[in-house]
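Step one of this worksheet: look at the structure below.
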Amino acid sequence: MAAQTTEPQPTTPRRPPQPELDDRGDYIFHFAIDPRAARGDLDLREFYRAHLHDLLGVVRFYLDGKPVIVDSFAFLNDPEDVVAILPAPPDRRQ
């Protein structure tokens, strides 16, 4: 019996996936997240405190045209919980 040889079949080139767009035409991006790497201890207070601290290094806040020094913030849903942005001066630490 003679061995059969098969010719390689031409393949159709695969088209790259088309980008997914929302109803406004903006691109939708998907990222895989490893749940084992997710941080359940993320403290939003510290997250925003750090970002505001960095922001204060490049912007100045004004109230009625006069510069103000912002040293703390509170979330709108809990205005009683005031978070210091900058460490308290040594004479005001408890």
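Bear in mind these aren't lab numbers, they're just calculated from the coordinates by the rules spelled out. Keep in mind that this is a model prediction, so the values were computed, not measured.
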Open item on the list: Can you tell me the length gained on complete extension of the stretch residue 56 to residue 29, counting 0.36 nm per residue apart and subtracting the Cα distance?
Closed with: 6.6 nm
Task: Integer Hz, Karplus 6.51/-1.76/1.60 couplings in order for the stretch 76-86, x for Gly and Pro - done: 4, 7, 8, x, 7, 8, 8, 10, 6, 7, 9
